[in-house]
Amino acid sequence: MASISLKNICKVYPNGFEAVKDFNLEVEDKEFIIFVGPSGCGKSTTLRMIAGLEDISSGELTIDGKVMNNIEPKDRDIAMVFQNYALYPHMTVRDNMAFGLKIRKMPKAEIDKRVNEAAQILGLENLLDRKPKALSGGQRQRVAMGRAIVRNPKVFLMDEPLSNLDAKLRVQMRIEISKLHDRLGATIIYVTHDQTEAMTLGTRIVVMKDGIVQQIDSPQNLYTKPGNLFVAGFIGSPQMNFFSAKIEKEGEGLVAVVGNSRLNVPVAKAKVLTDKGYVGKEVTLGIRPEDIHDSQMFIDASPNTVIESTIKVYELLGAEVFLYFDYADTQVTARVDPRTTAKMGDTVKFALDMEKAHFFDKSTEVTITN
Amino acid sequence: MNTRELLEKLNKESGLNFSLPEEEILSPETEEKLSAMLSFVKTVDNRDYFFQQFLLGQLSPEDIASGRLKYHIEKSVNRALFLIAFKSPYDEVALSVLSSLETGSDILVEMDQHHIVLIRQSKAVLNEEECYETAASIVDALGTEAMAAARVSYDKTVPEFEQLAQSYKHAEVAMHLGVTFKNGKRIHSYHDLGLEKLLYRVSTEDAKEYMTENLASFDFSALDNEMRNTIKALFNNQLNLVETAKELYIHRNTLIYRIDKFQKITGLDLRNFDDAIICKVAMILAEYLK
């Protein structure tokens, strides 16, 4: 397998549009890297530049130390799995998997060996003589993976490979891809717009927006220490709640004034806000839905971080309840215990766990306290 | 090609030796007859050439009818045409992939080193979604199996063979406009080009006049990606601020801030339908003028 290095990679189209700007990343051998971001953020373009299907406008791409910018895609020793995989309808599973090797004139014995090995890895041994129409969606997807595996490449590039599957199958295949990564010990770069896929599969995640890398980090760090407002809002479902807040001094400490509430800022965060000169200034305060509590115990323990509002929507999801309400011109979501007594139309008190709150600069949108 | 060159080419293609008296060589009628003969000779035993010339609109209705009979091509079958444009000259592997994708009755026509036409024949009419899926699977199969970068454009399904030449023209237009206006996309439908298709026919002078009248000296290429994507998202969401903010993963206030900023530099308030229309047209014209 292989390491990949992208240095100052840019993609500029002939009309001047910069699809990818100054992309830098070092991918270690056997890493599972995810490119995630909204549609049009440049994630697929970056993957296609690695594959050689798009020209690199500037910057340097190396695989195992060898510069790849001008190397033909077929000579880069990579295999790709895309969203719209089409199996050859008149060929068996075996022939579908062997096709790419046959047209490159690989000896038959070697093709058979590779197909059998891949079939075993993917649990397709009993389906090798079937035609695609006799396969389920998940089995077809595994055949598409098999076509990539038989190439025995240095790097696997996957572009939204699960997007055409239904939700249940997507979860199943996600687990299979994760297992496959462990079994093959492969270097994988995987593009998705689905943050759940990103969080569950990746060893590291590259979050992109408007062609620019926003943050490269572990799933855990992206969730708990987002580098800017975009990452904070993009990672996590339901989304993080954001309020406009003014930082003011109160006694020895600081408070964040949100609407008519004065929320106590924990000491460590208050120190950072003070040191960076945010006292008296407007900031954006972010808090995740699970860090807004309606239990009396929490409210009693944290009386200086309480807000009050009327529940607009109550959603019971079984293991949790989502409560939606408006506060200080913001639509707020709270994720609470299903034993809550709150119902639609009730006026309820909530305590914010300010230890978990995030503060962002109003103009740069960069995190202040993480 | 003049008459003498046509005669020379006809002799070469047919392997025969035609000759003409000097006075007939100068007649425009002779040129017409020689062109027809050359076309006949070229297509007489060459199905691919027949298709190529037919799609390019080089054959007369009579030639098309006789070619159709000669090559046992059904007149009335649903057919969807896909024009595949390769970034680099395609190779045998790409051809093998396309041949293997076929459903049994597909026709592949090699137009030149960079272009192949795939005609899919089917009992049912392929709707827009099915055409898109077919185009997407062609692009992805070429990428994964042949490691070839390609774009695909298409027209809608046509019921009569003769209509395929028009489909080809539409696919060519879609490819051209797609490359011009939708650089990042690899699939272009003739019926999904909307305003671009209309505005492409506006003269350069008229386009420039429109830009000057509505935007004075503002240069759209100076917009950063963030602002471009914000405007695009706003249009995609029918100017709905809440939906746009959601799509962009930003707070509604951030969106309003960006719209206000755009208004300051251009005078256009994107919340206002008339201003939004001016902006949409101007953005397309700016690309076109480039």
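Worth a mention:
- Between 0 and 90°, nearest 10: helix B:273-289 axis offset from chain B longest Cα axis: 50 degrees
- Peptide packing for A:237-243, B:264-270 was compared via the average number of neighbouring C-beta atoms within 10 Å per residue; ordered from the highest value, the list is A:237-243, B:264-270.
- Pairs with C-alpha atoms separated by more than 19 Å, drawn from the list A:66/B:185; A:281/A:356; B:75/B:156; A:209/B:232; A:249/A:269, are A:66/B:185; A:281/A:356.
- Choice from B:85, B:36, B:94 with maximal GNM fluctuation in chain B (Cα, 10 Å cutoff): B:36
- Taken residue by residue and averaged, Cβ atoms of other chains lying within 10 Å of the Cβ of A:78-91 number 5.
- Relative to one another, the C-alpha centroids of segment A:64-86 and segment B:29-80 are positioned 41 Å apart.
- Pairs of Cα atoms nearer than 8 Å and 6+ residues apart set the relative contact order; for chain A it is 15 percent.
- Using alpha-carbon coordinates, inclination of helix B:204-215 to the longest axis of chain B, degrees: 10 degrees
- Mean Cα-pair separation over length for segment B:73-192, i.e. relative contact order, pairs under 8 Å, 6 or more apart, %: 34 percent
- 21 Å Cα-Cα threshold exceeded, pairs from A:30/A:154; A:11/A:362; B:197/B:290; B:197/B:280; B:182/B:264; B:12/B:70: A:11/A:362; B:182/B:264; B:12/B:70
- Order of A:113, A:43 - criterion: other Cβ atoms within 10 Å of each residue's Cβ, fewest first: A:113, A:43
- Comparing A:299, A:181, A:222 along the charge dipole axis of chain A, the residue lying farthest to the positive side is A:181, per the Cβ-charge model.
- Global geometry of segment A:43-83, whether rounded, prolate or oblate, following the gyration tensor of its Cα atoms and the 1.5 cut on a/c: oblate
- Paramagnetic label zone (point 7 Å from Cα along Cα-to-C-beta, residue A:91; backbone N under 15 Å) in segment B:97-117: B:97-104
- Springs join every pair of Cα atoms under 10 Å in this Gaussian network model of chain B, and among B:140, B:260, B:63 the largest mean-square fluctuation is at B:260.
- Counting only other chain Cβ atoms within 10 Å of each residue's Cβ, the peptide A:203-210 averages 2.
- Spatial separation of Cα centroids for segment B:139-207 and segment A:194-271, in angstrom: 42 Å
- Ranked A:313, A:191, A:272, A:336, criterion: other C-beta atoms within 10 Å, fewest first: A:313, A:272, A:336, A:191
- Mean Cα-pair separation over length for chain B, i.e. relative contact order, pairs under 8 Å, 6 or more apart, %: 14 percent
- Between B:86, B:262, B:50, the GNM of chain B built on Cα springs shorter than 10 angstrom shows B:262 fluctuating the most.
- Among the trypsin sites (Lys or Arg not before Pro) in segment B:20-90, those placed in a DSSP loop whose Cβ has at most 16 other Cβ atoms within 10 Å are B:75, B:87.
Coordinate-derived values only; no laboratory data. What you see is a predicted model; the values in this text were computed from it and never measured. Here the Cβ is made from the backbone with ideal geometry for all residues, glycine too, and neighbour counts use every protein chain on show.
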